[in-house]
Amino acid sequence: MSWFDSPPSSDAGVPESGGVCRDPTAPVVACRCATSLRIIGCHAVGVNGTIRLQAEADCSGGTFHWTSSSTRVTLTNADSSNLHIQAGAQPSTGRDAETITVQWTGYDCSSLSATINITVVCVVFSESAAQTYGYDDFDTPPDHTDDHVSVKKLAATVVHVVVSGGLNGNELRFSTSDVDKATVDPAPAQAAFDLTIHGLDQNKAETNLVASVVCHDAVEITRMYINVYRERVVRAVVSKIYDNRYAGTTLTYPNLDVASAQPLINPKAKAAVVRYEISDHSATGGATHVPYDLDGDGKLTWDIAASGGLEFNKLRDSFSSSDQRIVVVKDMVSRYYLSADAPLNATTITLRGITNNNFLVVGSSYPLGTGANLETVVVQSASKNSATVTLRSPLGCAHLTGEYLEFPAAGWSSNPIVIIEGTSTEEDIKWTFFHETGHIVNHFADLQAPANIMNFDQGWTDHRLRYKPQNRKYSPPGGTEIQWELIPRT
Ligand SMILES: [Zn+2]
């Protein structure tokens, strides 16, 4: 049986001019002019969608009138040969549940009627448990039209599909908007199934997955987004470092299992079509002694204006690799050093080596000096490229050139990346490999988003990478970023 057309309604058993027998089950209609009335159009419509039906009588002239007792559809233009059907929000209770009837009346008052049964279908896309890459539902599970599925270039993934209303997947049409970006396999004869999506030869491309009614003009039911990406492979090598001269540098997890970070990270990274290969610099998996603690305070001392400074240079020079290097140390302090003496009651201080790296925050307080000279200063004004910092209150002590102001930082975007154990758990250190390489390798910003690996601190509730725009923690204020799209793909 044709999907498109109702059987002709005409006199029973009388051969038409073409010699084809008429449908013996069709109603017998007495008519001097028209002998056949048929309906052309779709047999299904998506919820909240519209379709047209056309009635054709084999006689010119006459009038048409359409009716339906269905509560699922509304008929407009019902007194013409062209009917518009608006479906409501509810799918049919079963296949062909909505009956539409058209009556044709000739000028001689003869009449014919025909009926068509249609199905109001709802198609819902969602994440499949069997997917290969990622799925972002934009945190609006009832609305899939804003959803994005990711797929690797020249690879495949699946999207879960549920069709309600009474039809199966193979009775609808699933396609993509751009067949040079992604393609979709035919759907099976089931109402709930996984649909296979193939990414084509594209480094970075977006298209749509579209569900349509199988019909002359393939009326769209619904759609969602497909993102095709070249896989980003991040190779990192981790060195766990202590200085055997100073007990304060001893690591809590000297035997942290670096290789186990890979199966931890990759199930999250794959959502953005990223894959990590992480190795341990140490053949034995232990910590490496490097005499880096030059001032013997048990911490890595980071000279902010020098992009690290002498202690960091010891770590940097302790190993080489063409992969992204990561060092894990027990603790770190970050400092700005005074470039000039600051007398008692002064309201400004001058920092050494500032070249667009003054990160002091107006209104924030920082410790300045040591021992009897230690005091807390509050910044009144500062700018990124200015060595001069104005204080909210006059200094309570005199400070000499070379004294320092301490700045709270968990790590710096350096090569090697420096990760501080601090009081982190072993697992959070592994997640921090993911976070810190995210800054360097994938150009991600720190976020205000606890469920995202790029959340500005380790208070994670999840470690996802998202397509949905994420709120940046720092600059620009109110800024957002789409992580999947930021990742370099060439
Ligand atoms: Zn960060």
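The values are calculated or read from the model by the stated rules, or taken from the named source; none is laboratory data. The shown structure was predicted, so the numbers you read here are calculated from the model rather than taken from an experiment. Cβ: placed from backbone, ideal geometry, glycine included. Neighbour counts: every protein chain shown.
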Here is a check on your reading of the model: is T115 among the hydroxyl-bearing types (S, T, Y), surrounded by fewer than 18 Cβ atoms within 10 Å (Cβ to Cβ) and within 30 Å of S69 (Cα to Cα)? yes
Given the criteria surrounded by fewer than 21 Cβ atoms within 10 Å (Cβ to Cβ) and closer than 17 Å to V120 by Cα, does V162 qualify? yes
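Looking at the structure I just gave you, is N455 away from the ligand (no atom under 11 Å from the Cβ), on the phi < 0 side of the Ramachandran plot and not hydroxyl-bearing (S, T, Y)?
no
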Listed residues T370, T347; which is touching a Leu at 6+ places or on another chain (Cβ under 6 Å) and among the polar types (S, T, N, Q)? T347
Identify, by number, the condition in (1) surrounded by 16 or more Cβ atoms within 10 Å (Cβ to Cβ); (2) farther than 21 Å from G298 by Cβ; (3) within 10 Å of the ligand (Cβ to nearest atom) that A410 doesn't meet. (2)
With criteria (1) over 29 Å from the mean Cα position of the chain (by Cα); (2) within 16 Å of the ligand (Cβ to nearest atom); (3) among the β-branched types (V, I, T), V389 comes up short on (2)
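When you look at A387, is it outside the structural domain of T432 (by TED's automatic domain parsing), at pLDDT below 95 and farther than 30 Å from N442 by Cβ, yes or no?
Against the criterion (outside the structural domain of T432 (by TED's automatic domain parsing), at pLDDT below 95 and farther than 30 Å from N442 by Cβ), A387 does not qualify.
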Which one of F444, F434 is more than 10 Å from the ligand (Cβ to nearest atom), closer than 23 Å to R466 by Cβ and not assigned by TED's automatic domain parsing to the domain that holds G369? F434
Here are I417, I429: which of them is β-branched (V, I, T), in contact with a helix residue (DSSP H, G or I) (Cβ under 7 Å, 6 or more places away or on another chain) and within 16 Å of the ligand (Cβ to nearest atom)? I417
Looking at this structure, is R352 of a type in the set (K, R), within 28 Å of I241 (Cβ to Cβ), surrounded by 15 or more Cβ atoms within 10 Å (Cβ to Cβ) and more than 41 Å from the chain's Cα centre (by Cα)? yes
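Could you list, in sequence order, all residues of the range 39-61 that are under 48 Å from the mean Cα position of the chain (by Cα) and part of a strand (DSSP E or B)?
Matches in the range 39-61: I39, I40, G41, A44, V45, G46, T50, I51, R52, L53, Q54, A55.
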Filter the range 458-490 down to residues that are buried (at least 20 other Cβ atoms within 10 Å of the Cβ) and aromatic (F, W, Y) and give me whichever is nearest to the ligand (Cβ to nearest atom). W484
Restricting to the range 202-219, and then to whatever is within 12 Å of A44 (Cβ to Cβ) and not aliphatic (A, V, I, L, M), can you tell me which residue is modelled with the lowest pLDDT? C215
Could you grab me the full set of residues in the range 321-361 that are closer than 30 Å to N255 by Cβ and part of a loop (DSSP other than H, G, I, E, B)? S321, S322, D323, K330, D331
Here are the criteria: (1) assigned by TED's automatic domain parsing to the domain that holds H281; (2) within 16 Å of the ligand (Cβ to nearest atom); (3) not basic (K, R). Tell me which single one F359 does not satisfy. (1)
Would it be correct to say that A269 is surrounded by 22 or more Cβ atoms within 10 Å (Cβ to Cβ), part of a helix (DSSP H, G or I) and at negative phi? yes
Number of the condition not met by P267 [criteria: (1) touching a strand residue (DSSP E or B) at 6+ places or on another chain (Cβ under 8 Å); (2) within 17 Å of K152 (Cα to Cα)]: (1)
